[in-house]
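Comments concern the structure below.
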Amino acid sequence: MKKIICAILTGGILAGSMVLGCGASETTKITVLRPGDQEKVASFLEPAVEQFEAENPDIEVEIMYESWAGWIQKYPTSFEAGTQPDVVFWWDNKLNDSSAHDCLVNLENHLDEEFFAQIPDSVWNLVKADSMEGIYYVPSSVDSFALCYNKDVFETAGLDPENPPETWEELLGAAKTITENAGVPGLGIPAITGSEVLEEFIGLFINQATNAPVLDENSMPLFENEAGLEALQFVEQLLPYIQESPTEYGRGELRPLLRDGQIGMIIDGPWAVAAFTGAYGENLDESPIGVAAVPQKEEGETVVWAGTNGWVATREETAEASAKLIEFLMSPEILESHHLAYGSAPLYESEFENEAFQYDYWRVFYDETQDYTLYGMIGADSPTPAAYYTALEEVWQQLVLGQLGAEDALAAAADAAESVTARNQ
């Protein structure tokens, strides 16, 4: 195994260099970063790189390690200084991020058509930025929302645990029944400051009501209309049946409450699975935890929020080698090991051959990704995507805390989004 870089973005790192071997052959040296817990990253990336180098002896790959929090803080400086990795596990809404946009490489001519065909059209439609022509980002992990609920709480409340709510009306009714009959909050809302989770929670209902993204290709709000108001009014109806002090809870704080029967339902992604399998084992299908498709505004509709992470290349001079590595990391065997390490939902049908994914609850996430209309993280067409989360979160918190009604929140949120866009012009 080649040497591994454990601390990145120091002045001495020269990423993307071309080095000559002892003979006449030329070796391309590239660096790769998958932010996150080093132990998890290493468990799939180190053997993957070792195999890739064996199959591609003309490419040398060095692995960088950095936490998500550390990378979020450092990446603007890294790109500005030219010390960014050649291949990075990125966010789908940061393709136009002002710090990195000019460094991202169009991979369209470096990957073959068969490669593109293995990823569902629903996912490609989700991750493309309207302002960019070409393929600058390859989605690797696609995480949709699902309804997670406690079957024991359902039974205590007199609800059928095998028939979770499928519509907004049923969701509201279940939340009310649980609160009144089981004596615990019917639904948990993640509203903690600074984690972007509240925008995604409320954005789900806006997506469903409007059947549109939260922002258009010009980063202007698409929700200041009757459908958007209907979404916020529905959230308002849920508020009597949520946990107290909602701004103290993120997704991570709600999961143990659901696990332990202290709350009836939450809307979460596959990241929640580990919290439940840790208590009940891998087979949640036979546990007190139920996982079902997100309730829809009307019966038969299929709209869901989904977020993705994926791979980008950052240097034209190493684009060919970087594309080869990305293609390898997206091969079924390696992608499966990546998903297993991180508890991500399967993207390829072949992943269900693995014993770890042979449960119905994994099918919920997979089927949504394959078959639903997906709307995702906001800001993909903006140089400051995080600014929209910050601006909208403040308004949504006021709604959840009862400080703003639905109509006032709708107007305030539209103004907040438009103000961020205006600052970027």
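The values are calculated or read from the model by the stated rules, or taken from the named source; none is laboratory data. Since this is a predicted model, take the numbers as computed values, not measurements. Here the Cβ is made from the backbone with ideal geometry for all residues, glycine too, and neighbour counts use every protein chain on show.
Values for this structure:
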item: Of the criteria (1) farther than 30 Å from residue 229 by Cα; (2) outside any loop (DSSP other than H, G, I, E, B); (3) at pLDDT below 95, which one residue 361 fails; result: (3)
item: Long-range neighbours under 7 Å by Cβ, at least six apart or interchain, first residue buried (at least 16 other Cβ atoms within 10 Å of the Cβ) within region 230-251, second hydroxyl-bearing (Ser, Thr, Tyr) and in a helix (DSSP H, G or I); result: 241/179
item: Number of positions in region 292-345 that are free of Cβ contacts under 8 Å to residues at least 24 places away in the same chain and in the same structural domain as residue 167 (by TED's automatic domain parsing); result: 1
item: Residue count for region 177-193, restricted to those that are in contact (Cβ under 8 Å) with a residue 60 or more places away in the chain and either of a type outside the set (Val, Ile, Thr) or farther than 15 Å from residue 149 by Cβ (or both); result: 9
item: Selection count where residues are of a type outside the set (Lys, Arg), crowded, with 20+ Cβ neighbours inside 10 Å and outside any loop (DSSP other than H, G, I, E, B), scope region 254-274; result: 9
item: Test set (1) polar (S, T, N, Q); (2) surrounded by 22 or more Cβ atoms within 10 Å (Cβ to Cβ); (3) modelled with pLDDT under 95; (4) over 29 Å from residue 420 (Cα atoms) - residue 150 fails condition number; result: (3)
item: Qualifying residue in region 278-286 (condition: of a type in the set (Phe, Trp, Tyr), modelled with pLDDT of 95 or more and crowded, with 20+ Cβ neighbours inside 10 Å); result: no
item: Which numbered condition residue 127 fails, given (1) surrounded by 22 or more Cβ atoms within 10 Å (Cβ to Cβ); (2) touching a helix residue (DSSP H, G or I) at 6+ places or on another chain (Cβ under 9 Å); result: (2)
item: Flag for residue 115 being among the aromatic types (Phe, Trp, Tyr), buried (at least 21 other Cβ atoms within 10 Å of the Cβ) and either under 20 Å from residue 368 (Cβ atoms) or out of contact with any His (no Cβ under 7 Å at 6 or more places or on another chain) (or both); result: no
item: Members of region 371-399 that are farther than 21 Å from residue 132 by Cβ and assigned to a helix (DSSP H, G or I); result: 371, 390, 391, 392, 393, 394, 395, 396, 397, 398, 399
item: Only one of 159, 111 that is part of a loop (DSSP other than H, G, I, E, B), in the same structural domain as residue 273 (by TED's automatic domain parsing) and aliphatic (A, V, I, L, M); result: 159
item: Filter result for the condition that a residue is out of contact with any Gly (no Cβ under 7 Å at 6 or more places or on another chain), touching a residue at least 12 places away in the same chain (Cβ under 8 Å), more than 20 Å from residue 393 (Cβ to Cβ) and charged (D, E, K, R), over 169, 217; result: 217
item: Which numbered condition residue 72 misses (of (1) surrounded by 23 or more Cβ atoms within 10 Å (Cβ to Cβ); (2) under 22 Å from the mean Cα position of the chain (by Cα); (3) outside any strand (DSSP E or B); (4) not charged (D, E, K, R)); result: (1)
item: Qualifying residue in region 41-54 (condition: in a loop (DSSP other than H, G, I, E, B) and not assigned by TED's automatic domain parsing to the domain that holds residue 217); result: no
